[in-house]
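Take a look at the structure below.
The values are calculated or read from the model by the stated rules, or taken from the named source; none is laboratory data. Not measured: the values here are computed from a predicted model. So basically every Cβ, Gly included, is an ideal-geometry build from the backbone, and we count neighbours across all protein chains shown. Heavy atoms of the whole protein, side chains included, go into the accessibility calculation; ligands, DNA and RNA do not. Shrake-Rupley method; radii C 1.70, N 1.55, O 1.52, S 1.80 Å.
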Amino acid sequence: QVQLVESGGDLVQPGGSLRLSCTASRSIPSFNPMGWYRQAPGKQREFVARIIGETATTYVESVKGRFTISRDNAKNTVYLQMNTLKPEDTAVYYCNVILSSGTYWGQGTQVTVSS
């Protein structure tokens, strides 16, 4: 098993930036996918971004060109750099990791984009 702890959520104005972090309680092999999802009020949780290895990344269309996912295996951490934030990016952001033993989730961090 593994525990995931997200941080970095905040209130930010439209056009602003935030960097979310998700740190695992143990080392995660780079071939295991790590990702970010989000859930806005009244909506289902949706996929945002995923990384496998160091450079194989996938994004939902709505964040392409604005968000960047990366990972630092030495720190057991995956990041989500979010630029040019929009009000519709407001949500609770969750990270996850897929291991042979199952899929694990963090507790979420709130991102609010508002003026």
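Taking every alpha-carbon pair within the stretch 56-103, the share separated by more than 17 Å comes to 45 percent. Listed by chain and number, the aspartates and glutamates whose C-alpha is less than 15 Å from the C-alpha of Lys86, apart from same-chain residues fewer than 8 away, are Asp10, Glu61. Per-peptide packing, taken as the mean over residues of other Cβ atoms within 10 Å, places 82-95, 18-31 in the sequence 82-95, 18-31 from highest down.
For the chain, with equal point scatterers placed on the C-alpha atoms only and solvent neglected, what are the log10 I(q)/I(0) values from the Debye formula at q = 0.15, 0.19, 0.20 1/Å, to two decimals? Taken in order of the listed q values, log10 I(q)/I(0) reads -0.59, -0.93, -1.03. Close amide H contacts of Gly108 (hydrogens built in the peptide plane, cut-off under 5 Å, sequence separation of 5 or more or a different chain): Glu6, Cys95. The mean accessible area for residues of the stretch 1-55, using a 1.4 Å probe and ignoring ligands and nucleic acids, is 56 Å² per residue. Considering only alpha-carbon pairs that sit under 8 angstrom and 6 or more positions apart, the relative contact order computed for the stretch 1-85 is 33 percent. Residues whose amide H comes within less than 5 Å of that of Leu99, counting only those at least five positions distant or on another chain, are Tyr104 (H built at 1.01 Å from N in the peptide plane).
Taking every DSSP bridge with both residues inside the chain, close to 95 percent are antiparallel. Counting protein heavy atoms only, the stretch 1-81 has 48 percent of its accessible area on carbon and sulfur, 1.4 angstrom probe. The value of relative contact order for the stretch 45-94, using C-alpha pairs under 8 Å at least six residues apart, is 25 percent.
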